[in-house]
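K.L.:
If you scroll down you'll find the structure; I have some questions about it.
Please treat every number below as a calculation from the coordinates, not as lab data. Fair warning: this is a prediction, and the values are worked out from it, not measured in the lab.
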Amino acid sequence: MSAKRRLTIRGETDAGRAPLEATRYAMEIGFAETPSRMVATAVSELARNILKYAQSGEIELRTVEGSRGLGIEIEAVDYGPGIEDPEAAMRDHYSSSGTLGLGLPGVKRMMDEFSLESTPGEGTRVRAIKWM
C-alpha cells in the first residue's frame, strides 16, 4: 500500500485516468466500493475543474489517520486564475463559465471534510477527506 499518490493533470487523458487511480487507491487501503466511487467522483470533478480553469495542476491522494479512523485526503492544487468569489462558487448552480454549477458543492457533499482556498491571479487549493 502506498501512503500517497500524486496525479499530474495536464490534459484529457490525465483527467480520465485520475478517477480510475483514485478508485484503485481507495480500494487498496480498504475502502468499500461505494465510498471508493465517491472519492473517484470527487477526484474527477476536481481534475475537470483544473483543466477547465487552469489547464494544469496536481491532485494528491494521501492516507490519513484521525479520531474518525482511516481516511483518504484529496488535495487538488492549480496555479490558474483563482476563484473571484469562493463563497458563491460553493452555492449550487453558480457557475462562472456556463456549466451546471454543481461540481464543488457536490464534492463538498460527498466528502466528510472540505476546504477551499483561492486567490485571484494565484490559483486554487481544494482539500477534502473521506473517512472510512
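K.L.:
For the chain, take the longest principal axis of its alpha carbons; what is the angle in degrees between that and the long axis of helix 12-28, to the nearest 10 within 0 to 90?
P.N.:
30 degrees
K.L.:
Mean residue ellipticity at 222 nm from the helices of the chain, using -39,500 (n - 2.57) per DSSP H segment of n ≥ 4 over the full residue count, to the nearest 500 deg cm²/dmol?
P.N.:
Values: 4 runs with 46 residues, N = 132.
Helices in the chain give a 222 nm mean residue ellipticity of -10500 deg cm²/dmol.
K.L.:
Could you give me the radius of gyration and the Dmax of region 4-131, taking only the C-alpha atoms into account and expressing both in angstrom?
P.N.:
13.8, 40
K.L.:
For L70 and I29 in the same chain, what is the full-extension length gain: residue separation times 0.36 nm, less their Cα-Cα distance, in nm? Write down the numbers at each step before the final one.
P.N.:
On the way: separation 41, 0.36 × 41 = 14.76 nm, distance 0.88 nm.
Net length gain for the segment: 13.9 nm.
K.L.:
While we're on this one: Which whole-number percent gives the relative contact order of region 4-131, counting Cα pairs below 8 Å spaced six or more residues apart?
P.N.:
About 25 percent, as a whole number.
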